[in-house]
Amino acid sequence: MYVPSTEPSRDSTSYVHDLVQTAMSTGKGKNKVMHGAPQALIICSSALRVVELVKMLRVVTKRPVAKLFSRHIKIDTQKKMLEEGAVDVAVGTPNRVLRLLRDGDLKVNRLKLVAIDCWQDEKMRVVVDMDDTRSDLFAIWRDVLLPASKNPDYNFKLRLM
């Protein structure tokens, strides 16, 4: 018996949209809404890329998509937003995501998807290549995601996109 895959096709024009929608549709009913705990976390190289993805992802969720970057948005404003409002999708730069994770304002206990956006900038660099983002990205993995992945209560997928 053929069972269709729940993973979106890599050839899809809206791969990001499909990937997040698939992650959010799995585990419904078990996923109690908690403030500061998104179901999908996307890490991007720049604030401009974050804004671009947030615009694309607004149709996926009824709740606001959290923009987590330091340009023009104070960290206290983002902490308050995470504390007071439920968030299904968060998109941010490695530095701001790491700060919010370390301060305990961004939580990983509801995560179903962690996506690393490998969009190339005009200099053909991706988030892993850039000196500004590489160390923070690896710190997120080493200090937060890797320990969480060893906890049987947490079940998230890591994707490069």
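Counting only strands (runs of 3 or more DSSP E) that sit wholly inside region 82-161, those with at least 1 residues that are in contact with an Asp or Glu (Cβ under 9 Å, 6 or more places away or on another chain) and either surrounded by 19 or more Cβ atoms within 10 Å (Cβ to Cβ) or not β-branched (Val, Ile, Thr) (or both) are 89-92, 157-160.
The single residue among Leu137, Leu113, Leu146 that is among the aliphatic types (A, V, I, L, M), at pLDDT 90 or above and out of contact with any strand residue (DSSP E or B) (no Cβ under 9 Å at 6 or more places or on another chain) turns out to be Leu146.
Sort through Pro64, Pro38 and tell me the only one that's open to solvent by less than 20 Å² (accessible area, probe 1.4 Å) and in a loop (DSSP other than H, G, I, E, B).
Values: Pro64 fails: open to solvent by less than 20 Å² (accessible area, probe 1.4 Å).
One residue alone meets the criteria, Pro38.
Figure legend. Inter-residue proximity from region 111-140: first residues among the hydroxyl-bearing types (Ser, Thr, Tyr), second residues open to solvent by less than 10 Å² (accessible area, probe 1.4 Å) and outside any loop (DSSP other than H, G, I, E, B), beta-carbon distance below 7 Å, spacing 6+ or different chains. Indicated pairs: Thr133/Pro94.
Of the residues making up region 46-103, those that are among the small types (Gly, Ala, Ser) and free of Cβ contacts under 8 Å to residues at least 40 places away in the same chain number 2.
The values are calculated or read from the model by the stated rules, or taken from the named source; none is laboratory data. Please read all numbers here as calculations on a predicted model, not as lab measurements. Neighbour counts are summed over all protein chains in view; Cβ atoms, including those assigned to glycine, are modelled from backbone coordinates with ideal geometry. All accessible areas refer to the heavy atoms of the entire protein, side chains included, with ligands and DNA or RNA removed. Shrake-Rupley method; radii C 1.70, N 1.55, O 1.52, S 1.80 Å.
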